[in-house]
Amino acid sequence: MSALGARPGRRLHHTRFLQPRQPAFWLYVLTVGLTGIVAVAEQSLYRNISPSGWALSWFLLVLYGAPVAVVVYLLDLYEREPLPLLGAAFIWGSVAATTLSAIGNAGWGLAIARIGGPEFAARWTAALTAPFVEEILKGCGVVLIYLIARDEVDDVMDGFVYGAICGLGFAIVEDVFYFMAVFGGQPSEVLQGFWLRVVASGLYGHVLYTGLVGMAVGVVVSHRATEPLRHRMWVAIGLCSLAVFAHLLWNSPLLAFYPSEPWSLGDVLSVVLITGGKGLPLLAFVAIAVALARRRERRWLRGALVGEVGLDGISADELHLLESPTRRRAARRAMRRRAGTRAATLLHRLQREQVNLAMVASRVGDAHDPALTRQRAYCRSLRDALGAIPAAAPAGSEPDVTDG
Amino acid sequence: MTGEAPPRPDATARMRRVGPARRWLPTIGVLGAVIATTLGGFIVAAMLSAPAGPPVSIPGVVSVQPLTGWEPARPGSVGQRPFVRVTRGSGTLAAVSWGPFTQGPEQLAVAVRDQVLSDSFDQLTVSEELTPVAFDDGSIGQRFTFVGVDRASGSSVEGEVTTAVSSDEQGVAFIGFSSEGLLAFVDDDLRAMVSAAVVGPAA
């Protein structure tokens, strides 16, 4: 390791969560602290109702949540978000947003009952309160994360990642509530709830809604130089409105086509079709939006690095690899086969630092900026170290790697 | 003038110094949004709930002031005991004049369960404990909840009973109920009307 140049002094895009000089940090801590007392008491109550059902609930939801979190984390191709901040987004969703939403939904439900009467309220409260209350409160978490660490939310994809993780936290704790308090809490009832709310519906809910809200935050706070505020605001309003509308549609009694209990095997399977019909359009929309955001990231990467090609930091072949995650992974696999794990790890580091080079290049605006020079030199030192490993050919000369 | 150099035109958030206003104002905005979203519904609900129309009463025994959306309904009797009532949708609040009663609201609650609810509902289930309730005039009553199937209509209902004994030892039972699943949407109104009810000679 001593052959490598010193890493540039300040780490890029790894802002700490602990920011005591930021008022947003203290608002976050205070809110999570206060709501956490309620949340812990609630979980304690569920555990007392049925210890086995409660443990099974968490076990199943971790099984569901862990891969979803990994997929969301990996969606950001070029700049993975710091885990402490993602953890903060998750905790806001699971602790603060759920607790505050319970209070908010009750209050607005009361208002709807007063306006429309009990029968109307019984049918429509879930559709008319939760989408607004929950999306606002989860969205506030994403905004707080941005205010705590402004550098970290600098693109639409960043906003999506923080929003989706916040929504995942919300969904998990809400599911525990449903398993224990609505379905009954016994293990068989928890399994029934898991089928309905996670297996049949888990792809369509809060992760997508809050992902959209997070995208809206990302739109507003990024691309300030290239897009006017009014345009960004309209896009953000559109994304938030879509999230609320999709949530409203999901909760709407007009689309409550679930079979009445007790369910036959056919009913159980039909639930999957029903939820798919309600949720797939939004899932498709979000998938397209994420794909567009990734394409935008890719264009940004090329735009930021094209001027660097031929200098110390990156070659044309390396840029060609860097632009495609599939090509990057394939290059690392090929390197591992050819020159071993250490070489593959080193290539991974080189690719990561070349992404960081793009960030520096896009920010300093001066080709001779010392930060940019340092980052180029660091990339070159990594490339030199890689070249010193026997059988590790230059990263850009990988043979026959096709783009997926 | 602060004497600070202006930020570069191409500067990003990282490079700009974030001044106090940019740190505090958005945070205050988030705090405002959280408070408005969490508590705003209760404020709006309170603004929508006001006394509406003349009170319904059994003179000298009990008087109930309907809230917005609640309508007086035809009075009647259960056994030999007269009642007045207000309704909203499937929500109903009946104020039953029990007549002279000297044993306090706890015993009145037991009597209501045994002599009214048991006769009116099948599969009756009541809460295990009585909950003390303070009326607006400072007197203390007792409350319990129940679920059952209405013997007349065959529909499931849920509700709560609040009992009070006036200073001149007149018993009054407030029986609030609605169709199963709807009590949560009228409960707040029921309790508000019961708390504000006038029991005794002033009614």
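For A:Leu4, the conditions (1) open to solvent by 80 Å² or more (accessible area, probe 1.4 Å); (2) modelled with pLDDT under 90; (3) among the hydrophobic types (A, V, I, L, M, F, W, C) are fulfilled apart from (1).
Here B:Pro105 does not fit the description of being exposed (fewer than 15 other Cβ atoms within 10 Å of the Cβ), at pLDDT 95 or above, within 27 Å of B:Pro55 (Cα to Cα) and away from every other protein chain (no Cβ under 14 Å). Does at least one position in the range A:179-191 carry a residue that is modelled with pLDDT of 90 or more, within 19 Å of A:Gly163 (Cβ to Cβ) and either among the aromatic types (Phe, Trp, Tyr) or open to solvent by less than 60 Å² (accessible area, probe 1.4 Å) (or both)? No; the residues of the range A:179-191 include none that is modelled with pLDDT of 90 or more, within 19 Å of A:Gly163 (Cβ to Cβ) and either among the aromatic types (Phe, Trp, Tyr) or open to solvent by less than 60 Å² (accessible area, probe 1.4 Å) (or both). Looking across the range A:128-160, just one residue is open to solvent by 10 Å² or more (accessible area, probe 1.4 Å), assigned to a loop (DSSP other than H, G, I, E, B) and within 10 Å of chain B (Cβ to nearest Cβ), and that is A:Asp154.
Listed by first and then second residue, the pairs with beta-carbon distance under 8 Å, at least 6 apart or on different chains, first residue in the range A:162-182 and more than 23 Å from A:Leu85 (Cα to Cα), second outside any helix (DSSP H, G or I), are A:Phe179/A:Gly185; A:Met180/A:Ser50.
Being open to solvent by less than 10 Å² (accessible area, probe 1.4 Å) and closer than 15 Å to B:Arg113 by Cα holds for only one residue in B:Val194, B:Val161, and it is B:Val161. Checking each residue in the range A:294-323 for being small (Gly, Ala, Ser) and open to solvent by 10 Å² or more (accessible area, probe 1.4 Å) picks out A:Gly303, A:Ala304, A:Gly307, A:Gly310, A:Ser315, A:Ala316. Tallying residues that are more than 21 Å from the chain's Cα centre (by Cα) and either crowded, with 22+ Cβ neighbours inside 10 Å or over 27 Å from B:Pro54 (Cβ atoms) (or both) within the range B:80-100 yields 2. Within the range A:218-263, restricting attention to residues that are open to solvent by less than 70 Å² (accessible area, probe 1.4 Å) and of a type in the set (D, E, K, R), the residue that is modelled with the lowest pLDDT is A:Glu227. No other residue among A:Arg298, A:Arg302 is among the charged types (D, E, K, R) and in contact (Cβ under 8 Å) with a residue 40 or more places away in the chain apart from A:Arg298.
Per-residue answers, yes or no, for (1) open to solvent by 40 Å² or more (accessible area, probe 1.4 Å); (2) at pLDDT 95 or above:
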{"site": "B:Trp24", "(1), (2)": "yes, no"}
{"site": "B:Thr27", "(1), (2)": "no, yes"}
{"site": "B:Val34", "(1), (2)": "no, yes"}
{"site": "B:Ser49", "(1), (2)": "no, no"}
{"site": "B:Pro54", "(1), (2)": "yes, no"}
{"site": "B:Ile58", "(1), (2)": "no, yes"}
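Screening the range A:324-350 for residues that are part of a helix (DSSP H, G or I) and hydroxyl-bearing (Ser, Thr, Tyr) and picking the one that is least open to solvent (accessible area, probe 1.4 Å) gives A:Thr326.
Annotation: of all residues in the range A:198-217 being at pLDDT below 95 and assigned to a helix (DSSP H, G or I), the one that is surrounded by the most Cβ atoms within 10 Å (Cβ to Cβ) is A:Val198.
Looking only at residues of the range A:26-41 that are crowded, with 17+ Cβ neighbours inside 10 Å and in contact with a Ser or Thr (Cβ under 8 Å, 6 or more places away or on another chain), we find that the one that is farthest from A:Val173 (Cα to Cα) is A:Leu27. Name the single residue, out of those in the range B:171-188 being modelled with pLDDT of 95 or more and over 16 Å from the mean Cα position of the chain (by Cα), that is farthest from the other protein chains (Cβ to nearest Cβ). Out of the qualifying residues, it is B:Gly171. Candidates in the range B:18-45 are the residues that are closer than 14 Å to A:Gly104 by Cα and more than 9 Å from chain A (Cβ to nearest Cβ); of these, the one that is nearest to the chain's Cα centre (by Cα) is B:Ile35.
The values are calculated or read from the model by the stated rules, or taken from the named source; none is laboratory data. Remember, predicted model here, so these are calculated numbers, not experimental data. Glycine gets a Cβ as well: all are built from the backbone with ideal geometry, and neighbour counts include every protein chain shown. Note: areas computed on protein heavy atoms with side chains; ligands, DNA, RNA excluded. Shrake-Rupley method; radii C 1.70, N 1.55, O 1.52, S 1.80 Å.
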